[in-house]
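Asks: The structure that follows is given in the form of structure tokens.
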Amino acid sequence: YKEDYYPDVALVWKIEDTDKAHGMAKVELEIRGGKRSKVKQVDFQGNSSIDTGDLKRLMTQRAIWDPRRIFRKRRYREDDLEEGRLAIRNYYLERGYRDVRVSQAKVETDTDGRLIITYEIAEGNGYKFGSTKIEGIELFGEDKLEKLVEVREGDVASAGRISAMAQSIRDYYG
């Protein structure tokens, strides 16, 4: 129940002695699920460089006002919060924000039992490539390696692009 986000689940135990001499009893467990919580809204604090709408599109758990949720019968899971946090972080990294920090989601329940999820973001600086220079190459010609590191000054220093260039150099060296 908690995993499917029924936050008010309650267990009611009923114990009835059936044979006191032999220590026997009848035990009944009643599970009262309560009302299942729905996500009312997802908020972001600290995102001045990236549009809130772009960040909301990254979320796997849609808010109740989002019409796309109609087409997906998806249960709320705690794991969705971490997936959302990582998606936000990766989105920033691919836009050159190498120092971005995204907090664990803060989950609050409103008076109707609906969830308000908030992520705090410390963006840091957006990085771009400056000039590049390859030096100290003895085994191969510098011009061959420069072809593997194709960046122009001012290009966004995305995490994926940096990793791809590093892998190309590793592959070239075999």
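Asks: So, of the residues in the stretch 116-147 that are aliphatic (A, V, I, L, M) and more than 32 Å from the chain's Cα centre (by Cα), which turns out to be farthest from residue 91 (Cα to Cα)?
Replies: Taking the candidates together, the pick is 139.
Rundown of residues vs (1) closer than 21 Å to residue 105 by Cβ; (2) modelled with pLDDT under 85, yes/no style:
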residue: 22; (1), (2): no, yes
residue: 29; (1), (2): no, yes
residue: 40; (1), (2): yes, yes
residue: 46; (1), (2): yes, no
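Asks: Let me ask something else about it. Six or more apart or on different chains, Cβ under 7 Å: which pairs go from a residue in the stretch 144-168 that's open to solvent by 80 Å² or more (accessible area, probe 1.4 Å) to one that's outside any helix (DSSP H, G or I) and among the β-branched types (Val, Ile, Thr)? Could you list them?
Replies: These pairs meet every condition: 146/134.
Asks: Identify all residues within the stretch 75-130 that are open to solvent by less than 20 Å² (accessible area, probe 1.4 Å), under 19 Å from residue 52 (Cα atoms) and of a type in the set (Ser, Thr, Tyr); write none if there are none.
Replies: Selection gives 92, 118, 119.
The values are calculated or read from the model by the stated rules, or taken from the named source; none is laboratory data. Only a predicted model underlies this, so the values are computations on that prediction, with no experimental measurement involved. Glycine also receives a Cβ, built like all others from the backbone with ideal geometry; neighbour counts cover every protein chain displayed. Side chains are part of the model used for accessible areas, which takes the heavy atoms of the whole protein and leaves out ligands, DNA and RNA. Shrake-Rupley method; radii C 1.70, N 1.55, O 1.52, S 1.80 Å.
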